[in-house]
Amino acid sequence: GNDTINSLRVTIRDAAFDSVVKSYDSNLRNGKLSVVTRNVGSAVANVYTGEIRSNVRGIVAIFKLRDKTVLLQTDAELFSAEFYKILDTVTFVE
């Protein structure tokens, strides 16, 4: 569930990439999040760091895969080194 703190959370949403990243816009504008882009597999991902939801600081990578949007996320900045290692190993078939 969303109340549990996980070291890795994978979500595949049946929603447009633009609508998923739009849900992070308010935290980005008010400085609670920062964003960079990086390659994840053969896709370009938005990687958000900071308050990803209320009282949870972590990292979430969001990228488009075919007609879906994929979110890879850690719910604690404690796991950031491992999270980036995982991002470096992600591959998928398009």
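The values are calculated or read from the model by the stated rules, or taken from the named source; none is laboratory data. For clarity, every value in this text was computed on a predicted model and none was experimentally measured. Glycine gets a Cβ as well: all are built from the backbone with ideal geometry, and neighbour counts include every protein chain shown. Side chains are part of the model used for accessible areas, which takes the heavy atoms of the whole protein and leaves out ligands, DNA and RNA. Shrake-Rupley method; radii C 1.70, N 1.55, O 1.52, S 1.80 Å.
One residue is enough: does region 45-54 have a residue meeting the conditions aromatic (Phe, Trp, Tyr) and touching a Leu at 6+ places or on another chain (Cβ under 7 Å)?
yes
Mind checking which residues of region 66-76 are assigned to a strand (DSSP E or B) and not hydrophobic (A, V, I, L, M, F, W, C)?
Scanning region 66-76 gives LYS68, THR69, GLN73, THR74.
Working only within region 1-48, note down all residues that are basic (Lys, Arg) and open to solvent by less than 60 Å² (accessible area, probe 1.4 Å).
ARG9
Looking for whichever is assigned to a helix (DSSP H, G or I) and open to solvent by less than 20 Å² (accessible area, probe 1.4 Å) here; the options are PHE79, PHE83, PHE63. Which one fits?
PHE83
Being polar (S, T, N, Q) and either more than 11 Å from the chain's Cα centre (by Cα) or within 20 Å of ARG29 (Cβ to Cβ) (or both) is the filter here; which residues of region 43-72 pass it?
ASN46, THR49, SER54, ASN55
Considering only region 17-33, I want to know if a residue exists there that is assigned to a strand (DSSP E or B) and modelled with pLDDT of 95 or more.
Checked region 17-33: at least one residue is assigned to a strand (DSSP E or B) and modelled with pLDDT of 95 or more.
Which pairs turn up if I take residues in region 24-49 that are closer than 21 Å to VAL93 by Cα and look for partners that are open to solvent by less than 60 Å² (accessible area, probe 1.4 Å) and assigned to a helix (DSSP H, G or I) with beta carbon separation below 7 Å, at least 6 apart in sequence or on another chain?
Here the result reads VAL40/LEU87; ASN46/VAL21, each pair linking region 24-49 to a residue that is open to solvent by less than 60 Å² (accessible area, probe 1.4 Å) and assigned to a helix (DSSP H, G or I).
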